[in-house]
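Read-outs: derived from the displayed coordinates by stated rules, not from any lab. Remember, predicted model here, so these are calculated numbers, not experimental data. Here Cβ is always computed from backbone atoms with ideal geometry, including for glycine, and neighbour counts include all displayed protein chains.
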């Protein structure tokens with residue numbers, strides 16, 4: 001896994017997977033919803049260029065795997081290469 005993805009990298013990944021940003025929650029977290037599966041992902045609304053917290057990276061990795069949106073190996077590859085595997 002890439003050691004230092006940014007907050008924007010994680011957000012871009014969600015958008016690439018078809019998630020849509022649904023605005024900010026009261027606690028300054030950004031909510032993303034996948035329209036077809038109704039899966040929800042929540043990330044802190046930290047500065048785009050700042051390094052994402054390790055807990056957020058690992059939590060999102062696990063959440064996407066558990067909900068069937070992205071296997072851990074593909075998640076890791078995205079962080080390294082910035083692209084998803086071909087469908």
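Things worth noting here:
- A Förster radius of 25 Å, combined with the Cβ-Cβ distance separating residue 24 from residue 73, puts the computed FRET efficiency at roughly 0.20.
- For the chain, the 222 nm mean residue ellipticity estimated from helices alone, with every DSSP H stretch of n ≥ 4 adding -39500 (n - 2.57) and the total spread over all residues, rounds to -11500 deg cm²/dmol.
- Options (1) 37; (2) 41; (3) 58 - which one matches percent of Cα pairs over 18 Å apart as calculated here: (1)
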